[in-house]
1. Out of the residues in the stretch B:484-505 meeting the condition of being in contact (Cβ under 8 Å) with a residue 12 or more places away in the chain, within 18 Å of B:Y564 (Cα to Cα) and small (G, A, S), tell me which one is farthest from the other protein chains (Cβ to nearest Cβ).
2. Kindly indicate whether A:S166 is surrounded by 13 or more Cβ atoms within 10 Å (Cβ to Cβ) and at pLDDT below 80.
3. Of the numbered conditions (1) within 30 Å of B:L216 (Cβ to Cβ); (2) outside any helix (DSSP H, G or I), B:Y474 satisfies every one except a single condition; which is it?
4. Mind telling me which of the residues A:I480, A:I410 ends up being more than 14 Å from chain B (Cβ to nearest Cβ), outside any loop (DSSP other than H, G, I, E, B) and either crowded, with 17+ Cβ neighbours inside 10 Å or touching a strand residue (DSSP E or B) at 6+ places or on another chain (Cβ under 7 Å) (or both)?
5. Scan the stretch A:97-117 and tell me whether some residue there is over 21 Å from A:V381 (Cα atoms) and either more than 25 Å from the chain's Cα centre (by Cα) or not in a helix (DSSP H, G or I) (or both).
6. So, in the stretch B:579-612, of the ones that are out of contact with any His (no Cβ under 9 Å at 6 or more places or on another chain), of a type in the set (A, V, I, L, M) and facing chain A (nearest Cβ under 7 Å), which residue ends up nearest to A:Q460 (Cα to Cα)?
7. For the stretch A:592-610, give me each residue that is buried (at least 21 other Cβ atoms within 10 Å of the Cβ), over 24 Å from A:G476 (Cβ atoms) and in contact (Cβ under 8 Å) with a residue 40 or more places away in the chain.
Number of protein chains: 2
Amino acid sequence: MWRYIKRVLIGKPLKTLDEGQTHLTKFKALAMLSSDAISSVAYGPEQITTVLVTLSAMAMWYSIPIAAIVLVLLLAITLSYQQIIHAYPSGGGAYVVATRNWGSNGGLIAGGSLLVDYMLTVAVSTTSGTEAITSAIPVLYPYSVPIAVIIVLLIMIMNLRGMSESANFLTIPVYFFVVMIFVMIAWGAYDIMSGHVHYQAPADYGSPVAGMTFVLFIRAFSAGSSSLTGVEAVSNAVPNFNKPKAKNAATTLAIMSGILAFFFIAIIFFGFYLGIVPNSKTTVLSQIGAAIFGGHGIGFYLLQLSTAMILTVAANTGFSAFPILSFNMAKDKYMPHAFMDRGDRLGYSNGIISLAIGAIILILIFHGKTNMLIPLYAVGVFVPFTLSQSGMIIHWFRERDGWWIGKAIINLVGAVISLCLVLALFWQHFGNVWPYLIIMPALMLMFHAIHRHYIKVAKQLRVAEKTKVQLHDYDGATVIVLVGNVTRVTRGAINYARSVGDYVIAMHVSFDENPGKEHKTANEFKAEFPDVRFVDIHSSYRSIAKPTLRFVDVIAKRAAARNYSTTVLVPQFIPKHPWQLALHNQTSVRLRTVLNSRQNIVVASYNYHLHE
Amino acid sequence: MWRYIKRVLIGKPLKTLDEGQTHLTKFKALAMLSSDAISSVAYGPEQITTVLVTLSAMAMWYSIPIAAIVLVLLLAITLSYQQIIHAYPSGGGAYVVATRNWGSNGGLIAGGSLLVDYMLTVAVSTTSGTEAITSAIPVLYPYSVPIAVIIVLLIMIMNLRGMSESANFLTIPVYFFVVMIFVMIAWGAYDIMSGHVHYQAPADYGSPVAGMTFVLFIRAFSAGSSSLTGVEAVSNAVPNFNKPKAKNAATTLAIMSGILAFFFIAIIFFGFYLGIVPNSKTTVLSQIGAAIFGGHGIGFYLLQLSTAMILTVAANTGFSAFPILSFNMAKDKYMPHAFMDRGDRLGYSNGIISLAIGAIILILIFHGKTNMLIPLYAVGVFVPFTLSQSGMIIHWFRERDGWWIGKAIINLVGAVISLCLVLALFWQHFGNVWPYLIIMPALMLMFHAIHRHYIKVAKQLRVAEKTKVQLHDYDGATVIVLVGNVTRVTRGAINYARSVGDYVIAMHVSFDENPGKEHKTANEFKAEFPDVRFVDIHSSYRSIAKPTLRFVDVIAKRAAARNYSTTVLVPQFIPKHPWQLALHNQTSVRLRTVLNSRQNIVVASYNYHLHE
């Protein structure tokens, strides 16, 4: 039943050698990896103007120089990440680059930031997408949290099916949004040139604004930098591209950044030209759309729909990046090995499922109001940016061939701007950013604890190479059969025990409550198996585990003295349907758990299957 | 660590023979079992007047005849339950009585209704108590759901500690409330007699009211019947009383009903005399308190506090009744046997924990607004009342000695009134009561499925008594050792396998991904154990389970042909700290689960314990 549901949702298992088939073309990769970056034009420009308008509408023209600096930063980051893609074609992005050049702690800070960030991406994008849906269909508003959770689960299932198939599905919303924004820009440009739309800016570019300070400028700039989140996704996913992987990935990154830059500056320009002032009810993008298409035109509604769709799809970026990053960290023994397991469809199932759970928890905690997470999200992006780009400077210095100084300068510009942004975010948005200072140390401790554990285990398990130890030869085997009551299960278990053991002993625990029953079991057993030694242990408490363990320890000690191995056989019956397991006392499970605490005892289960 | 926390919260384990110590005196039993019934005066009278006031304030005098009928019903139920206590001193209340006299289906309807009802009791009482707390301390209002959940958990822990200790704790709030209501009544009576308080009823008793109909009368009466919920708690808990159990229980029930009746009629009377009209902001009880004590007097605040406390404690009634009822139903094989397990402190832990979980789920679903559950709750009480009291008529008819006709008439009156109430609730409150028609059939199906399963299992496990089957003698034992890689764990497992097996074979599954590694493992193994046969299985998928199962089946078939038993040995290492288990692939757990599907194979675990 469960297997059938899984097959329908996830698809049939793929062979490991089928792997090539799940790789991405540039066209699909752009849809798959750029939705996070491109969709940020739906909220990034607004973040800038929202800060500026706190001073006055006159200050709005400052959005243009701020946007110019954001574009310089975008250019630096794009060039820098293209260099990273070529230098580290096996993927891993900031984590790999920082590890190689800054050492493991640098890598872990970058990696830990990104792991948390991908959860934030999924949570923030999904809830923003849901908000867009619920503003279009207000009836759904009370159900926004369940809608967001269902969307996360749907994206999770798509990713468990495998990347390539998901991307097919996801190209539509991304290209729909890209087309809608292009149409809007072209239409708007025509309107302006044909004089249909008039210049309505509250103040001309460059006009003096009373009260404008450097602090406010930095505050607006750092808020606007959230538009640059998601750019790193391409560099993490290089191994998923068609060959030549590095070249295709670099091209995809360039196309994506070009689209993002054009959209970003166009939206800032229209916002300024049309004199649009942000308010809490309608987004800047939708105000521009309303001004260009008309507030009730089909164009306006299509724009809103495409915005909702790409925001929902942006959540998918996290699902392609998180599993690969956690795989890389698990390979380096900083995350549990389970993140290296591939599922039936070759995706890293545990990474995909963990990400979904993390995002759903964030959605539930914030009850679908995740916007206040955006500055934290930006810090989580720019810390790895800083580490990877400064790491690249070290990389070029180590290699020192060709145009290395030019390349290093590109990375230096990116690193300096990223670092300034991190400082600006901590300075101007501390109220939203402080959890970073708690989460990161906790993650670092966890990564190191995991790492130490794996190293220790490997050391303890290693077979000594030089000194070849002789195998140990036991003289025989003692088998203890636990007996609850005398049934067909007991009979099968005793038969088996006699096949493996040289000395077989049956043990029963009886209680105060039914003083008649203890003799009943003993008598039944002796009648059935007159040749097998039967020991009856009495317990004043209702625990079977403690007296069993005490008895088994005694027998094991005696067995060891005779150079016998010790086996405890737990007979149990397996009901026909799994749900029926809940109807039987889980005594055998508890006993096995307790007995597993003993080094010198092997625990075996004799299973009697019921057929009705 | 966990064991230490458990010891602090639950207390040290008690011996089974210590049982007598957890029995209840009448004084404690009254506190323990009556809080549900007595606390219902905080909302029962209000339910009546709330219906009447929908017509007009003139209709309020009808509350007095309605209250009189409720008291007749209370009297009938009390006498009837006293008869039940004497007739069935081993407890079980409505479930036992209905089963004995109406057959198993009657019993299951009664039992199922009560199981659901106890969850409703806990949820409704806890949230009402929380509302009383938050109306006193408005700052806490946003946290009402977590507060209610914490209260449920605290009551759960008290009950896991054992009944007698809990009761010590619970006597205070119950007697505090009883004292406060007595003081209020005495004070009010003095005020009326001394003329401090004047007659303010909107219409005299018996004055004609336009629009008063029989339907409205029934609606008000059925709503008021919710005051009678909780009366059955005493009859379920007879085995918990000090000896003579039946007599003490019957006396406790009489005292409880007397207090309830007095409080109920007094509150109805004051409400009428003082002309109090229910409104949504302040309860009728608190309005009466304010009129008698003065709205800002210490007496008023003490009354509010005691109301809040007894409502919280009322939740505890469910915790004493639910585990005993589920024990009785499990004994009859209609509920999972796990409900018969006693915990360290002799309480039926699984019943206590299930009840807490059910109540917490109800609180979370209804977000602390559980008042609309009250009519459903009343149906769940009066269906078992009807069944048990009509069952008692059958009981007396079967015995036919002494005053049996008189006793049967008492039960007949109770049964008829209860049945009318059920019909009235379905007729007048269907919107809140319909879930009963879905829940009960589902529960009945579940009870019968569980019962059928237990009967079938017992039949299949029974050792045939007449035909004595010869024990089977195997000629030897085949042991298959699963090898992941060659470590100290492998070495220990091979040593053990050779002690129990006559034929030992090692098996390894290799994958496509690392073509070098398969030979590596094989070579390492052959160097270490040259005498043991090693088989390398190749898998194109990433599943270890399927190829292992296929191989093991082949070997088991061959072993059976030679009359050998088959054992699969799964080597595993146990890390030092339990949390570290999460860091290792749970391959061995998965393999054991899959191998348990085979009847003819015994699965054994070789445990290698790590010490660092």
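1. B:A497
2. Values: surrounded by 13 or more Cβ atoms within 10 Å (Cβ to Cβ): yes; at pLDDT below 80: yes.
Yes: the conditions hold for A:S166.
3. For B:Y474, the failing item is (1).
4. On the way: A:I480 fails: more than 14 Å from chain B (Cβ to nearest Cβ).
None of the others qualify; the one that does is A:I410.
5. There is no residue in the stretch A:97-117 that is over 21 Å from A:V381 (Cα atoms) and either more than 25 Å from the chain's Cα centre (by Cα) or not in a helix (DSSP H, G or I) (or both).
6. Filtering first and then ranking leaves B:L610.
7. Narrowing the stretch A:592-610 to residues buried (at least 21 other Cβ atoms within 10 Å of the Cβ): A:595, A:601-607.
Subsequent filtering for residues that are over 24 Å from A:G476 (Cβ atoms) retains A:607.
None - no residue of the stretch A:592-610 is buried (at least 21 other Cβ atoms within 10 Å of the Cβ), over 24 Å from A:G476 (Cβ atoms) and in contact (Cβ under 8 Å) with a residue 40 or more places away in the chain, so the list stays empty.
Every residue, every condition in (1) touching a Leu at 6+ places or on another chain (Cβ under 7 Å); (2) modelled with pLDDT of 80 or more, yes or no:
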| residue | (1), (2) |
| --- | --- |
| B:S90 | no, no |
| B:T99 | no, yes |
| B:L108 | no, yes |
| B:S113 | no, yes |
| B:L120 | yes, yes |
| B:I133 | yes, no |
| B:L140 | no, no |
| B:Y143 | no, no |
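The values are calculated or read from the model by the stated rules, or taken from the named source; none is laboratory data. The model shown is predicted, which means the values in this text are computed figures rather than measured ones. Backbone-built Cβ (ideal geometry, glycine too); neighbour counts: all protein chains shown.
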